[in-house]
Amino acid sequence: MSLLDLHYQQLDDARWAELLPLMRQAPVVRLVDCGVTGGRCKDVSAALRDNAALTELSLSSNELGDTGTQLVLQGLQPACKIQKLSLQNCNLTEAGCGPLSGVLRSLPSLRELDLSYNQLQDAGLKLLCEGLMDPQCHIEKLQLEYSNLTADSCEALAAVLRARPELKDLGVSNNDIGEAGARMLCRGLADSPCPLESLRLESCGLTAANCVDLSAIVAAKPSLSELQLGSNKLGDAGVAALCPGLLSPGSRLKTLWLWECDFTASACKDLCRVLGAKESLRELSVAGNAVGDEGARLLCESLQDPRCRLESLWIKSCSLTAACCQHFSAMLAKNRSLQELQLSSNNLGDAGMEELCQGLSQPGTTLRVLSVGDCEVTDQGCTSLAALLLTNHSLIDLDLSNNCMSEVGVMKLAESAQQPSCPLEKLVLYDIYWREETEDQLRALEEKKPGLQIIC
């Protein structure tokens, strides 16, 4: 039986009637942003009641409301083997959490639940936690982003963390739980034997004080591979407090997101110790922090350490100038693990581009994705990049959006990209303006070289 997977379609009555038999048979039913409202939820419920093969249901971004959601849930019988349920952005409120809690008690097969972008609020989450606490519930992945939660509901959620030994993935980003709420969650995780793999607490009002608890979690959970803390005012002190956990023998973290965390080059010194010591770390974002050229220099030095295995570095909007590009150039010439470098929204200019291209033109470079959008690059910088495309054999994705080049610079890039020896697969040129004649030339190039995509 094939899956039913539709996105962003408005379904008229005839098309809806055609889909109902598929809903009764398909193991995977995804109707994302398809205009499903409360009136059609009876149909969905009846179809699901007959579907013994169902393992995944996503009705995200449909205006089901509490009543419609309850109707859909009635179709999930106790014998149902559903493993994934997504009701993201479905206009759920506290009133819908009671029935949902009951479903959690009756569906032991359910492993993943996404309720993000619903106004559950604290009272709704507390109702939900009653179901999550049930011995019949075996949730492994719980997503609650943008649910209008505060610290008031965190004790109930912490109790769930202690009770659910299976939990692997928790997303609470973009809820104002604050320092107190985060402390409760960390205590719950500290008391839990769960093999947590991903923890997302972005834009939650965390402070440097939370980083001591987070450091302990990272040290105690070797299963933890992803930690997202972006858009919290951790500061230099917070990063310093976090790093002992990252450096601990038990840490196996692969992804660390620290974008817009209000730190400076001083924090980069601590992060550099981690880069040089932990081969497990693969992705790091320091975007939106004023680390400046000095922070960039420190990071580039660590990336030249043979023990560093970082594959992706996001350092966009970090107050960088052309002065730091010599360090990136030296690093790119030597490093053999970095595959993605995000440098957008830094004032690198043409001089910076020339330095970067010198490093990337060296034999054996491995970088595959380079983003230098909004970096004050003109036609002169395009000349350097066009020459690079003829000699570099690893770069497949280049983003030059929102720069200052003219059609002349764009066509220099296009001429290099069309060469058979150029491996480039994606050239991104958003917010750069040219005549219709140039547009026609670029589309002709795409037809001539089907492996190349020009996005503008």
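The values are calculated or read from the model by the stated rules, or taken from the named source; none is laboratory data. Just so it is clear, the model here is predicted, and its values are computed rather than measured. When we count neighbours, we look across all protein chains shown, and the Cβ atoms used for this are built from the backbone with ideal geometry, even at glycine. Heads up: the accessible areas ignore ligands, DNA and RNA and are worked out on the full protein's heavy atoms, side chains in. Shrake-Rupley method; radii C 1.70, N 1.55, O 1.52, S 1.80 Å.
Expressed as a fraction of 2.2 N^0.38 Å, the C-alpha radius of gyration for region 318-364 is 1.08. The shape of region 218-338 comes out oblate: with a ≥ b ≥ c from the C-alpha gyration tensor, a/c is at least 1.5 while a/b does not beat b/c.
Rg and Dmax of region 154-205, based on Cα coordinates, read 10.2, 27 Å.
The Cβ shell under 13 Å around S58 holds other residues with a net charge of -3, Lys and Arg each +1, Asp and Glu each -1. Taking the accessible area of the chain, probe 1.4 Å, and keeping the other protein chains in place, the carbon and sulfur fraction comes to 49%.
If you bin all the Cα-Cα distances of region 44-124 at 5 Å, starting from zero, the percentages per bin are 3, 16, 29, 28, 17, 5, 1. Listed by chain and number, the aspartates and glutamates placed with their C-alpha closer than 20 angstrom to that of K448 are D397, E407, E415, E425, E436, E437, E439, D440; residues fewer than eight positions away on the same chain are left out.
Any chance you could give the angle, 0 to 90 degrees and rounded to 10, that helix 121-132 forms with the longest Cα principal axis of the chain? With both axes taken from Cα atoms, the answer is about 70 degrees. Rounded, prolate or oblate: which one fits region 117-218, using the alpha carbon gyration tensor with axes a ≥ b ≥ c (rounded when a/c is under 1.5, else prolate when a/b beats b/c, else oblate)? Cα axes put region 117-218 in the oblate bin.
Before rounding to the nearest 500, sum -39500 (n - 2.57) across all DSSP H runs of length at least 4 in the chain and divide by the residue total; then give [θ] at 222 nm in deg cm²/dmol.
Result for the chain: -12500 deg cm²/dmol, rounded to the nearest 500.
For P(r) over Cα pairs in 10 Å bins from 0, in percent, the value computed from the atomic coordinates appears in the list (1) 4, 19, 22, 21, 22, 12, 1; (2) 4, 20, 28, 25, 17, 6, 1, 0; (3) 4, 14, 17, 14, 12, 11, 9, 7, 5, 3, 2, 1, 1, 0, 0 under label (1). Going by the alpha-carbon gyration tensor, a ≥ b ≥ c the square roots of its eigenvalues, is region 311-456 rounded (a/c under 1.5) or, if a/c is not under 1.5, prolate (a/b greater than b/c) versus oblate? Because a/c hits 1.5 or more and a/b fails to exceed b/c, region 311-456 counts as oblate. Between C456 and E425, the modelled labels are 2.2 nm apart [label points 7 Å from Cα along Cα→Cβ]. Qualifying trypsin sites (Lys or Arg not before Pro) in region 358-456, where qualification requires a DSSP coil assignment and no more than 11 other C-beta atoms within 10 Å, comprise R435. Here region 371-454 has an Rg and Dmax of 11.6, 31 Å, counting Cα atoms alone.
So which of K84/K168; K278/K316; K221/K269 end up more than 19 Å apart by C-alpha?
Table pairs above 19 Å Cα-Cα are K278/K316; K221/K269.
The DSSP beta bridges internal to region 162-278 are antiparallel in roughly 0% of cases.
For K141, go through the aspartates and glutamates and keep the ones whose alpha-carbon is under 20 Å away, minus same-chain ones fewer than eight residues off. Reachable aspartates and glutamates: E56, E112, D114, D122, E130, E155, E166, D169, D191, E197, E202, E226. For the chain, the solvent-accessible area with a 1.4 angstrom probe is 40 square angstrom per residue.
Given their separation in residues at 0.36 nm each and the Cα-Cα distance between them, L20 and A190 gain 56.6 nm when the chain is fully extended.
When averaged across all projection directions, what area in nm² does the alpha-carbon convex hull of region 157-295 cover?
Projected over every direction and averaged, the Cα hull of region 157-295 covers 7.0 nm².
Angle between the Cα long axis of helix 292-303 and the longest principal axis of the chain, 0 to 90 degrees, nearest 10? Here the helix axis deviates by roughly 80 degrees. Extension gain for R273-E294 works out to 6.0 nm (0.36 nm per residue, less the C-alpha to C-alpha distance). Note on region 207-286: Kirkwood radius taken over Cα pairs, Stokes-Einstein applied at 25 °C and 0.890 mPa s, translational D equal to 204 µm² s⁻¹. Taking R0 as 35 Å, what's the FRET efficiency between T37 and A123 from their Cβ-Cβ distance, rounded to 0.05? After rounding, the FRET efficiency stands at 0.90. Estimated translational diffusion coefficient (Stokes-Einstein, Kirkwood radius over Cα pairs, 25 °C, 0.890 mPa s) of region 1-70: 206 µm² per second.
Positive contributions from Lys and Arg (+1) and negative ones from Asp and Glu (-1), summed over other residues with Cβ under 10 Å from the Cβ of L281, come out at +2.
Principal axis analysis of the Cα atoms in region 291-350 yields extents of 29, 21, 17 Å, listed in decreasing size. For region 373-456, applying the loop criterion from DSSP together with a ceiling of 14 other beta carbons within 10 Å to the chymotrypsin sites (Phe, Trp or Tyr not before Pro) yields Y430, Y433.
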